[in-house]
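The values are calculated or read from the model by the stated rules, or taken from the named source; none is laboratory data. Fair warning: this is a prediction, and the values are worked out from it, not measured in the lab. Here the Cβ positions follow ideal geometry from the backbone for every residue, glycine too, while neighbour counts run over all protein chains shown. The area values use the complete protein model at the heavy-atom level, side chains included, leaving out ligands, DNA and RNA. Shrake-Rupley method; radii C 1.70, N 1.55, O 1.52, S 1.80 Å.
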Amino acid sequence: MIVETNARLELKAKAADLSERHTGRSAQAVLKEVITTTFEGRVGLVSSFGTEAAILLHMVSRIDPYVPIIFLDTWKHFPETLEYRDTLVRQLGLSNIQTVTPRPDALKADDPDGLLHQRNPDLCCHVRKSVPMLKSLRSLSCWITGRKRQQAATRSDMTLFEIQDRWIKVNPLIDWTPEDVDNYFTEHDLPRHPLQAQGYPSIGCAVCTKPVAPGDDPRAGRWADSDKTECGIHFENGKMVRTSRPKN
Ligand code: SF4
């Protein structure tokens, strides 16, 4: 259960105020104010270097290429994702990539054979993503995400600014549509993730991501054999928030 302390209530009020103030503004305008004023020196972008990641990486690189870009290397990524990361880093001039990995002792204890994702994907995400993520955010007050309302029914009640534990989380692309995404890639001549053309519209760890058929829910290939729908970096009180795939 989440305890509503005074600090948490204040943070919630701040997020609500920021959401109200920035609603209707462009993603670039929101990011610029967050990076250069509201959370200057205390904000980072968490990026999976997935199919739509290039948009926020491009926007941030144009405002300040030294904003920390936090990449959670779970040791389970597709090699294509790592190559794509390197391409974008070079092409966009990103100058502050912070790669975070799971603790070796935690892997030894909880995932000695590397197959924890089959037995207990929540624990696997906790060890490989949530815990390293919490550590990487220690010096920050705000983190930027690429989450969008239209990506999943479980994201329909998102707001532009939210709180997560002691952090403010900003979702500048909250109202973006697939057309907005395509237009941005074209307009700025950004490279695509190499797996996108092979039927992967949403990409996470290789062992938990399958291609989807044209027209299917873009996230249907993520943890396709279970009701798990979120990647594990969205947490409260140091624990992953687990949401179930909506039943049809
Ligand atoms: S997405 Fe799969 S492999 Fe990656 S951390 Fe989560 S359960 Fe483990």
Checking the cross-link filter: which aspartates and glutamates have an alpha carbon closer than 17 Å to that of K14, excluding same-chain neighbours under 8 positions apart? E4, E33, E40, E162, D165
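Which order do you get for W167, W176 if you rank them by accessible area with a 1.4 Å probe, largest at the top? Provide the component values of the computation, followed by the final result.
On the way: W167 10, W176 45 Å².
Accessible-area ranking of W167, W176, largest first: W176, W167.
Could you grab the relative contact order for the range 31-87? Cα pairs under 8 Å, six or more apart, rounded to a whole percent.
Numbers: 40 pairs, mean separation 22.1, N = 57.
Worked out over the range 31-87, it gives 39 percent.
For the chain, what is the percent of antiparallel DSSP beta bridges, rounded to the nearest 5? Show your work: numbers first, answer last.
On the way: 9 of 21 bridges.
Antiparallel bridges make up about 45 percent of those DSSP assigns within the chain.
Please report, in debye to the nearest 20, how large the charge dipole of the chain is about its Cα centre when each Lys and Arg carries +1 at its beta carbon and each Asp and Glu carries -1 there. Don't skip to the end; give the middle numbers.
Details: 33 positive and 32 negative charges, 110 e Å.
Result for the chain is approximately 520 debye, rounded to the nearest 20.
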Stokes-Einstein D for the chain, Kirkwood Rh over Cα pairs, 37 °C, 0.692 mPa s (µm²/s): 176 µm²/s
Among T23, I144, V181, whose Cα sits farthest toward the positive end of the charge dipole of the chain (+1 at Cβ of Lys/Arg, -1 at Cβ of Asp/Glu, about the Cα centre)? I144
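Counting only C-alpha contacts under 8 Å and six or more residues apart, can you give the relative contact order of the chain as a whole percent? The partial results should precede the final answer.
Numbers: 364 pairs, mean separation 54.8, N = 248.
Rounded, it is 22 percent for the chain.
So what is the accessible area of the range 6-198 per residue, in Å², with the probe set to 1.4 Å?
Values: 9050 Å² over 193 residues.
Each residue of the range 6-198 exposes 47 Å² on average to a 1.4 Å probe.
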At the level of C-alpha centres, the distance separating the range 5-33 and the range 49-79, in angstrom, is 22 Å
Name the long-range amide H neighbours of R222: under 5 Å, sequence gap of 5 or more, or other chain; modelled H, no Pro or chain starts. K210
Once amide H atoms are placed 1.01 Å from N in the peptide plane, what residues at a sequence separation of 5 or more from K228, or on another chain, have their amide H within under 5 Å of its amide H? R245
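Got a number for carbon plus sulfur as a percent of the chain's accessible area, 1.4 Å probe? It would help to have the intermediate numbers written out before the result.
Working: 6290 of 12130 Å².
Within the chain, the accessible surface is 52 percent carbon and sulfur.
Counting alpha carbon pairs within less than 8 Å and at least 6 residues apart, what relative contact order, in whole percent, applies to the range 52-145?
Values: 75 pairs, mean separation 28.0, N = 94.
Dividing the mean separation by the residue count of the range 52-145 yields 30 percent.
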Roughly what would the spin-label model give for I97 and Q118, points 7 Å off Cα along C-beta, in nm? 3.1 nm
Computed FRET value (nearest 0.05) for N6 with K135, which takes r as the C-beta separation and R₀ as 25 Å: 0.45
For K129, give me every one of the lysines with a C-alpha distance below 23 angstrom, ignoring sequence neighbours fewer than eight places off in its own chain. K76, K108, K148, K169, K210, K228, K239
